[in-house]
Amino acid sequence: MNASKRISKRGTRAVTLRTAGLSLRLDVRGAVVGLLLLVVALAMSVVLIGTGDFPLAPADVLRTLAGNGTVAQDFIVNELRLPRILVGLLVGAALGMAGAIFQSISRNPLGSPDVIGLGQGSAAGALAVIVLLQGDPTEVAIGALGGGLLTGLAVYTLAWRRGVHGYRLVLVGIGTSAMLTAVNGYLLTRADLPDATRAVVWIAGSLNGRDCAQVWPLACVCAVLLPVALGQARNLRMLEMGDDSAYALGVRVERTRLVLMFAAVVLTAAATAAAGPVAFVALVAPQLARRLTRSSGPNLLPAAWMGAALLVTADWAAQRAFGADQLPVGVLTGMLGGAYLLWLLVTERRAGRI
């Protein structure tokens, strides 16, 4: 096996490994950044597990996770807090990767599930189950998943015109999101007070009260779709150069786009079903990951780890500032993400891209 190094004009070092007729290109900076983001996400998870009315030191948390804690520590860590953290990590990773896929397909930093209406679609499905059917949490999750899938199908169909192109996808998504916001408002006006209270808490996006019933379905979805998306990373990089260039390089453009959009829609819908519509993680995580890696291309894995790190860090900040059950994490990410969106719009305008 031999290796060759290449440094691009942007200063990003890549290593190409060749063995047995195979060639693997490794972006060294991207790999290091991705590894560091994963370490940050796991470290913040340990800190977050130790945060609460019964605080634990990180060493005690690690000892308990290894099976050497007291009975009380085992109950608090493994039964009460660990499922919440696992949901946060999985939701953040799913949203981060889904956002990276949509932004790469649309070639637009605003092309995230938040902007094109997938979160609102999942919320509409959940609200319909809560308000019209008085469904239990499992039925609400199924409604959210179905609403997200139907919204993704509608956006893809309406944006189709001899292919799906970036700004058309974003504009159709913005219009769809506006209509679904109106539908959600109407459903809330139809609800009785207990159902309306339950619905408002759900649409805020929260990790409160999450348990293994949310962990395993989301873990299965991520275990299937994250590798599918990573397997299409090279084709997605080709799509960023435009459909004509991708065709010339042998990429089956519409098939690749459809597979990736399906994966991103299901990841977003599953994450929303587990934790509600947690705002702006899918928008912010890919942008921050790309700035850290300084690499062109979708940066799918760094975006996923960035999403996980952002969500558990935001949950920790919300708990430290307001208590474990006082401020849903979606409210905090919405405030911070809204500020980031304003900054992004100003930056894009100054650059002459909007």
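The values are calculated or read from the model by the stated rules, or taken from the named source; none is laboratory data. The model shown is predicted, which means the values in this text are computed figures rather than measured ones. Cβ sites come from the backbone with ideal geometry, for glycine too, and all protein chains shown count toward neighbours. Note: accessible area is taken over every heavy atom of the protein model, side chains too, but ligands, DNA and RNA are not part of it. Shrake-Rupley method; radii C 1.70, N 1.55, O 1.52, S 1.80 Å.
Miscellaneous remarks
- Residues within region 36-58 that are open to solvent by 60 Å² or more (accessible area, probe 1.4 Å) and not in a loop (DSSP other than H, G, I, E, B), tallied: 5
- Close pairs from region 51-68: first farther than 17 Å from residue 316 by Cα, partner in a loop (DSSP other than H, G, I, E, B) and of a type in the set (A, V, I, L, M), Cβ under 9 Å, at least 6 apart: 64/56
- Options 308, 279, 317; residue that is modelled with pLDDT of 90 or more and either surrounded by fewer than 24 Cβ atoms within 10 Å (Cβ to Cβ) or touching a helix residue (DSSP H, G or I) at 6+ places or on another chain (Cβ under 9 Å) (or both): 308
- Residue 69 being in contact with a helix residue (DSSP H, G or I) (Cβ under 6 Å, 6 or more places away or on another chain) and crowded, with 23+ Cβ neighbours inside 10 Å: no
- Condition check for residue 144: touching a helix residue (DSSP H, G or I) at 6+ places or on another chain (Cβ under 8 Å), over 19 Å from residue 260 (Cβ atoms) and open to solvent by less than 60 Å² (accessible area, probe 1.4 Å): yes
- Region 276-326: number of residues that are polar (S, T, N, Q) and assigned to a helix (DSSP H, G or I): 4
- Residues of region 106-127 that are open to solvent by 10 Å² or more (accessible area, probe 1.4 Å), small (Gly, Ala, Ser) and touching a Gly at 6+ places or on another chain (Cβ under 7 Å): 124, 125.
- Filter result for residue 293 (within 28 Å of residue 209 (Cα to Cα) and either more than 10 Å from the chain's Cα centre (by Cα) or open to solvent by less than 20 Å² (accessible area, probe 1.4 Å) (or both)): no
- Helices (runs of 4 or more DSSP H) completely within region 190-275 that count 2 or more residues being open to solvent by 70 Å² or more (accessible area, probe 1.4 Å) and of a type in the set (Val, Ile, Thr): 193-204
Quick grid of which residues meet (1) modelled with pLDDT under 85; (2) open to solvent by 10 Å² or more (accessible area, probe 1.4 Å); (3) part of a helix (DSSP H, G or I); (4) over 30 Å from residue 319 (Cα atoms):
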site	(1), (2), (3), (4)
82	no, yes, yes, no
92	no, no, yes, no
104	no, no, yes, yes
129	no, yes, yes, no
